[in-house]
Amino acid sequence: MKVTVSVLKADIGSIGGHIIPSQALISEVKNKVKELGKDLVIDSYISHTGDDIAILCTHERGISDEKIHKLAWDAFIAGTEMAKKQGLYGAGQDLLKDAFSGNIKGMGPAVAEMEFEERPNEPFVFFAADKTDPGAYNLPFYLGFADPMYCAGLILSPKMADGFTFRIVDVEYTEQDKVIDLNTPEDLYDIAALLRDNERYVIESIYSRSSGNQAVAISTTRLHNIAGKYTGKDDPIALVRVQGEFPATGEVLAPYEIGHFVAGFMRGSHTGPLMPCQLNCSISYFDGPPVVTGAAFCIKDGKLTEPADVFDHPYWDHVRLQISKKATAIRRQGFSGAAMLPYSELEYGGIVEKLEKLEKKFKLV
Ligand code: F6R
Ligand code: MG
Ligand code: MG
């Protein structure tokens with residue numbers, strides 16, 4: 001059977017700052033998806049990662065389907081009403097347009113979708129990250145799909161021997177989508193040359209070269225490209241099919257052990273290590289650290305199993321401890337140098353005004 005998995009995610013309000021949505025908000029979104037999705041979706045799973053709430057649903061309508069996107073938009077609007085009623089912080093902050101216009105892409109919420117012919121067994125992982133942007137996935141997906149140091153299947157599995165095609169998007173180009181398709185292993189150095197710049201070049205999707213089947217879909221929205229200014233970090237989501245002709249679940253997870261430094265953290269304006277956390281985690285130290293969660297599922301005729309929490313295992317306790325140390329280490333240098341993002345990536349225009357004022361006070365001596 002051909003099935004579509006769609007995830008649509010937005011920050012529509014949270015308790016105590018940018019920490020966690022309220023139970024009432026989550027219930028409101030859940031109820032709305034249930035009510036509106038009755039004849040549309042096969043199954044759904046509502047979760048949050050930090051202050052972002054995500055609607056994952058399965059259906060047979062293909063990607064970019066107007067009715068599915070409208071369902072999510074309406075559920076986010078209903079959640080926003082609840083957020084306003086409860087006085088939550090940032091109520092409706094990611095809903096950047098007043099009225100729905102056919103596709104939720106470009107309206108604020110993040111979207112990752114994949115349509116595929118269901119395999120007899122069909123495992124996949126849904127990743128969601130908070131307090132960072134889509135480039136945060138560049139390194140883990142590069143390592144998980146292209147580096148035999150992390151992905152043993154590249155050496156061991158004949159189904160993966162042909163490598164993968166990476167579709168990379170230039171998110172600075174806003175006229176239309178500007179993408180490049182590069183193949184592993186022969187284009188590895190070119191892929192690395194692009195992916196080192198997390199703020200400009202981001203992985204949009206990955207395909208198996210042996211089967212042509214899609215393995216990965218990542219949201220590539222940059223909110224400031226929609227709003228013309230920063231309205232919050234883009235807090236990206238990703239879907240990854242695993243096993244068989246794709247990397248094993250554990251190969252896709254392995255790179256998150258690094259806790260690599262990403263853009264985001266406090267006020268979306270700092271550098272911090274990405275911490276793999278349990279599902280439905282909250283946010284804390286310095287409005288961070290940036291977090292990523294993973295829910296693994298199997299799917300049969302569009303029906304989802306319950307989620308398996310991929311980072312809820314004693315192994316990751318030690319990793320989290322190391323990453324906390326990294327977070328503290330970079331925070332100890334405050335605003336200085338690499339700890340804070342360059343001007344182009346700051347979420348606030350205030351510093352630009354400040355510098356303009358100071359510029360006038362400079363004198364040539
Ligand atoms: C992401 C997030 C941050 C905030 C940013 C602005 O989830 O919460 O990127 O959008 O810190 O925050 P305020 O509204 O406090 O200026
Ligand atoms: Mg937020
Ligand atoms: Mg967020």
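The values are calculated or read from the model by the stated rules, or taken from the named source; none is laboratory data. Source: prediction; values computed, not measured. Ideal geometry is used to build each Cβ from the backbone, glycine not excepted, and the neighbour counts take in all protein chains shown. These area figures cover heavy atoms from the full protein model, side chains too; ligands, DNA and RNA do not enter into them. Shrake-Rupley method; radii C 1.70, N 1.55, O 1.52, S 1.80 Å.
Does R222 satisfy the criteria of being buried (at least 19 other Cβ atoms within 10 Å of the Cβ), basic (K, R), in contact (Cβ under 8 Å) with a residue 12 or more places away in the chain and closer than 27 Å to A91 by Cβ? So R222 fits the description; yes.
Pull up the range 1-24, narrow it to residues that are within 13 Å of ligand 2 (Cβ to nearest atom) and not small (G, A, S), then point me to the one that is farthest from G294 (Cα to Cα).
It comes out as I15.
Just one residue in the set K178, K131, K159 is in contact with a helix residue (DSSP H, G or I) (Cβ under 7 Å, 6 or more places away or on another chain), of a type in the set (D, E, K, R) and assigned by TED's automatic domain parsing to the domain that holds I206; that residue is K131.
Looking across the range 86-104, the residues that are more than 16 Å from ligand 1 (Cβ to nearest atom) and without any contact (Cβ under 8 Å) to a residue 40 or more places away in the chain come down to K97, D98, A99, F100, S101, G102, N103.
Set side by side, the residues E35, E81, E28, E66 differ, and just one is over 19 Å from S219 (Cα atoms), without any contact (Cβ under 8 Å) to a residue 40 or more places away in the chain and open to solvent by 40 Å² or more (accessible area, probe 1.4 Å), which is E35.
Within the range 158-178, if we keep just the residues that are of a type in the set (D, E, K, R) and not in a loop (DSSP other than H, G, I, E, B), the residue that is surrounded by the fewest Cβ atoms within 10 Å (Cβ to Cβ) turns out to be K159. Within the range 126-145, the set of residues being in a helix (DSSP H, G or I) and open to solvent by less than 10 Å² (accessible area, probe 1.4 Å) comprises P134, G135, A136, Y137, N138, P140, F141, G144, F145.
When residues in the range 278-336 are screened for being surrounded by 13 or more Cβ atoms within 10 Å (Cβ to Cβ) and within 16 Å of ligand 3 (Cβ to nearest atom), 14 of them pass. If you check I53, I26, I15, I20 for being modelled with pLDDT of 95 or more and away from ligand 1 (no atom under 13 Å from the Cβ), only one passes: I26.
Total residues in the range 86-125 satisfying the condition of being away from ligand 3 (no atom under 16 Å from the Cβ) and not in a loop (DSSP other than H, G, I, E, B): the figure is 8.
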